[in-house]
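K.L.:
Dropping a structure here in structure tokens format, bear with me for questions.
The values are calculated or read from the model by the stated rules, or taken from the named source; none is laboratory data. Not measured: the values here are computed from a predicted model. No Cβ is skipped: glycine too gets one built from the backbone with ideal geometry, and neighbour counts run over all protein chains shown. Quick note on the areas: whole protein, heavy atoms, side chains included, nothing else; ligands and nucleic acids left out. Shrake-Rupley method; radii C 1.70, N 1.55, O 1.52, S 1.80 Å.
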Amino acid sequence: MKTIILCAILALLGVSSIAEADELTSAFLKKHCIRCHGSEDQSADRRFDTLAGQIKTLDDLERYQEIVDQLNLQSMPPEEEVQPTAESRAKFIAHLTQRITTAHIELNTSGGHSVLRRLNSWEYRQTIGELLGINVDVWDPTEEFPEEVKIHGLDNNGAGLVTSGRLMDHYFDAAEEAIQRATEFGARPASKKYTQQSPFYFSGKSANGLPKLFKPDRYRFIPDTPYTDLYGRHYRGGHIGFKPLLQQGGVAHSGTYTIRVRAAAVGRVHDYGNALGDFRNGDPLVMELASVDRRGSVESSGNVSKMTSLALIELTSEEPQWFERDVFMEAGYEPEVRFRNGPLSAKRLVRLLTTKAADKPEFKPFVGMKAGTEKANGVLKAYQGPRLRIWEIQIEGPHVETWPPSGHHSMYGNLSLNELKATTIAQRLESFAKEAFRRVPVDGELEPIQQLVARKINEGVEPLQALQLGFQAILCSPGFLYLNLGEGELDEIALASRLSYFLWSSPPDQTLLNLAVAGKLRSGLSTQATRLLADPKSDRFIKHFIRRWLDLDNIGTMPPSGFLEYYRDNLETAMRNETETFFRHVLDGNLSLREFLDADYSFLNRELALHYGIEGVEGNKLQRVSLKGSQRGGMLGHGAFLTASANGVDTSPVVRGIFVLEKLLGYTPPPPPPDVPAIEPDIRGAITLREQLEKHRQVATCAECHRKIDPLGFALENFDAIGGWRDEYEKKMPIDSTGRLPGGESFRTLSEFRKLLVDRQHQFKRCLTEKLMTYALGRELEIGDRPAIDRICQDMADPQKGLRDLIQAIVTSESFLQN
């Protein structure tokens, strides 16, 4: 009986709610929405028969806004239902939009903003680097930090940035090491020059105590020439160490060093066929300069515990040339020269040359010979294929511009060790905290830290150690770890931090702070945004935003398998750089957002161009390349976009379709209702993937979402799991990439699909605006942000407006200026 009464009450409520609505709203909902979203059926867990006739709450506002959004997307009503005419749809959208705008004014929402937001790992890394003058590209203080929680792909959402006990332990350790790295009370290090000429291998007494890399074996031998040849891509026969620095434990000081190598590329063109594996005949040879840490290493790792790649240099001439690079090396590290794209490991090279190239006269004496030093050395000496030839290596440095470094000065000022006394220590703590907190400490904020340091000194702790403990406490305090922007309208200092962490991922510089103190930042936000975007530090914004927007970390968690060229040609790095360089190009030129959808150019190096099937591009550096005449255009053709939307092995139209919806069109399909069991459709008799999904769509609970998802995914099916073009699947089955969008438009080719996306560029512009705004605010958008988003999108409808205009509109919006 209670159930019956409850149902009756709900039914009455539904009738009264619809009745309260104006005539146009009530009639439209009853005709096109209530059958699937009423008392008997709540598709996608949405019910509109109980929708309030008047917009009086935030919940009402969100539900009405969702109806408008679905109608704008032409996702609703489903195609099998009665469709409104284009005129009635437009009339109803305009009507509801006006009601929503009025409701925004009446409700004046401002709640839900995050007052405190912890720096995420990326921001912490950059902040520590700038504060203490540490090269965090080489040393990553967050390497052991727990992975950040991602909300809708972004890792700077305050709601997900919790601070666990485990993370605090890492903060203590990172702060301690950072302080030690930045402290330099000693004399300015003198620049020294070290030289080593071939040979780079040693025997007898001169080899005592050296790792295997420095000793002859089957794949390394002391040459009777003034040069040493490298043959393979691994440490046996593919690396050269640097004995002068090995013997002194690596470079004594972290800093910039100049590495010079006299080298040549020999035998790039060969006639050994597939005996050299996947090496492309005639390719330039790539010499890699690396810094390695041998401390704690074992022989199986090539006597290297850690390695940092410093530079990649292409060689094409057989005549020796000097190559020079300025690189940053950590104290304790030493240089190595490596054959980055060597054909094979030397061990495998010897085996294949005496089997697959056994008919060559130079190898006949070794065919059938027992494996050993004589055979391996003989084959390699006779080998005439690609070899990286090295005559001499020189190292000079460190090159020190200022001493002591900036980080030391931030902590200790001009004090010497003898000047560290109670009064000066208190002053240094206050000065450092002001810089670390990005504001003046509030009254009493430093008192516990000051007391800690004083107590330690009274206990007999050395003043330097006690002061460093105080610095460590500052770097582990909320003032440093959190962005506390206050509530309501941001003050100028808080605004400086929000702007700099949006576009630099690091603290505001002195220019921003000076403007903030003078009360002039708010009026000059557009100018300052332009200045920050022109600074190289804005590369951090581009790199991290793209990484999160397009889920590029998926590439690392699902590394491609079965694609040799992906690793041989270092395609992951090239793909990431392509998209980052493209974004930078659109930003610097203030180009239209439409470029992301249909640009007929991109930025490729030789290897990525060949992967895309484009000939004539030379060099390892990215360069602008026309895509006219190819199947690619816009971000849909970027390798990073296509690889991140696959699983590393094969592709799925469903996965890629959802990826396009979420990343480009700003729509996330709802998950199946939790109380509805998963239904496995009967796909017997279905041969192709398309046929399987068509059968899947026959299941009622699957049909509506897949109607939106599948066409977008099938449009990209000609791209394999790493973005290479294909006309058929592995089993020689042709690919059908045709489709029909929910609005009824059909496409037969990828270019036609791109044109349909361009027709929907307003959806993309809104999508990108919302993602950039979410990233800038460090929180999820709420209904109160909708007017600001709407105004920006209306402004961006002007075809003359570009990406830089969009970012300036965001930083001057009401949402950005409030907290």
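K.L.:
Within the bounds of region 486-507, is there any residue that is part of a loop (DSSP other than H, G, I, E, B) and aromatic (Phe, Trp, Tyr)?
P.N.:
The answer is yes, given that some residue of region 486-507 is part of a loop (DSSP other than H, G, I, E, B) and aromatic (Phe, Trp, Tyr).
K.L.:
Hey, another quick one. For region 1-103, which fully contained helices (runs of 4 or more DSSP H) count at least 1 residues that are modelled with pLDDT of 75 or more?
P.N.:
The helices (runs of 4 or more DSSP H) meeting that bar are 23-32, 58-73.
K.L.:
A further question follows. Being at pLDDT below 95, within 14 Å of Tyr667 (Cβ to Cβ), of a type outside the set (Gly, Ala, Ser) and part of a loop (DSSP other than H, G, I, E, B) is the requirement here; does Pro742 meet it?
P.N.:
The answer is yes for Pro742.
K.L.:
State whether the residues of region 396-410 include one that is under 30 Å from Lys243 (Cα atoms), among the charged types (D, E, K, R) and surrounded by 13 or more Cβ atoms within 10 Å (Cβ to Cβ).
P.N.:
yes
K.L.:
Follow-up question, since we're still on this one. So is Ile687 assigned to a loop (DSSP other than H, G, I, E, B), open to solvent by 10 Å² or more (accessible area, probe 1.4 Å) and modelled with pLDDT under 95 or not?
P.N.:
yes
K.L.:
Restricting to region 328-380, and then to whatever is under 26 Å from Thr308 (Cα atoms) and among the hydroxyl-bearing types (Ser, Thr, Tyr), can you tell me which residue is surrounded by the most Cβ atoms within 10 Å (Cβ to Cβ)?
P.N.:
Per the stated criteria, the residue is Tyr333.
K.L.:
Next up: Among Thr581, Thr511, Thr530, which is assigned to a helix (DSSP H, G or I) and touching a residue at least 60 places away in the same chain (Cβ under 8 Å)?
P.N.:
Only one candidate qualifies: Thr530.
K.L.:
A further question follows. Considering (1) of a type in the set (Lys, Arg); (2) in a helix (DSSP H, G or I); (3) crowded, with 20+ Cβ neighbours inside 10 Å, say which one Arg779 fails and leave the rest.
P.N.:
Among (1) of a type in the set (Lys, Arg); (2) in a helix (DSSP H, G or I); (3) crowded, with 20+ Cβ neighbours inside 10 Å, Arg779 violates only (2).
K.L.:
Looking at region 217-318, what strands (runs of 3 or more DSSP E) fall wholly within it and have at least 2 residues that are free of Cβ contacts under 8 Å to residues at least 40 places away in the same chain, farther than 24 Å from Lys360 by Cα and of a type outside the set (Lys, Arg)?
P.N.:
The qualifying strands (runs of 3 or more DSSP E) are 306-315.
K.L.:
Another one. Looking at region 553-568, I want the residues that are closer than 14 Å to Ala646 by Cα and acidic (Asp, Glu) and have a partner that is part of a helix (DSSP H, G or I) and open to solvent by 60 Å² or more (accessible area, probe 1.4 Å) with Cβ atoms under 7 Å, at least 6 apart or on another chain. Which pairs are those?
P.N.:
Asp553/Arg547
K.L.:
Related question: From the residues in region 126-148 that are open to solvent by 20 Å² or more (accessible area, probe 1.4 Å) and among the aliphatic types (A, V, I, L, M), which one is modelled with the highest pLDDT?
P.N.:
Ile134
K.L.:
Quick one: count up the residues across region 621-641 that are more than 21 Å from the chain's Cα centre (by Cα), open to solvent by 20 Å² or more (accessible area, probe 1.4 Å) and at negative phi.
P.N.:
5
K.L.:
For region 784-819, which positions are farther than 20 Å from Leu664 by Cα, surrounded by fewer than 19 Cβ atoms within 10 Å (Cβ to Cβ) and of a type in the set (A, V, I, L, M, F, W, C)?
P.N.:
Across region 784-819, the qualifying residue is only Leu817.
K.L.:
Being without any contact (Cβ under 8 Å) to a residue 60 or more places away in the chain and buried (at least 16 other Cβ atoms within 10 Å of the Cβ): is that true of Leu483 here?
P.N.:
no
K.L.:
Which residue is modelled with the lowest pLDDT, if the candidates are limited to region 178-214 and must be open to solvent by 40 Å² or more (accessible area, probe 1.4 Å) and among the small types (Gly, Ala, Ser)?
P.N.:
Checked region 178-214; the qualifying residue modelled with the lowest pLDDT is Gly209.
K.L.:
Of all residues in region 357-374, which are within 25 Å of His239 (Cα to Cα), in contact with a helix residue (DSSP H, G or I) (Cβ under 9 Å, 6 or more places away or on another chain) and part of a loop (DSSP other than H, G, I, E, B)?
P.N.:
Ala357, Glu362, Phe363, Ala371
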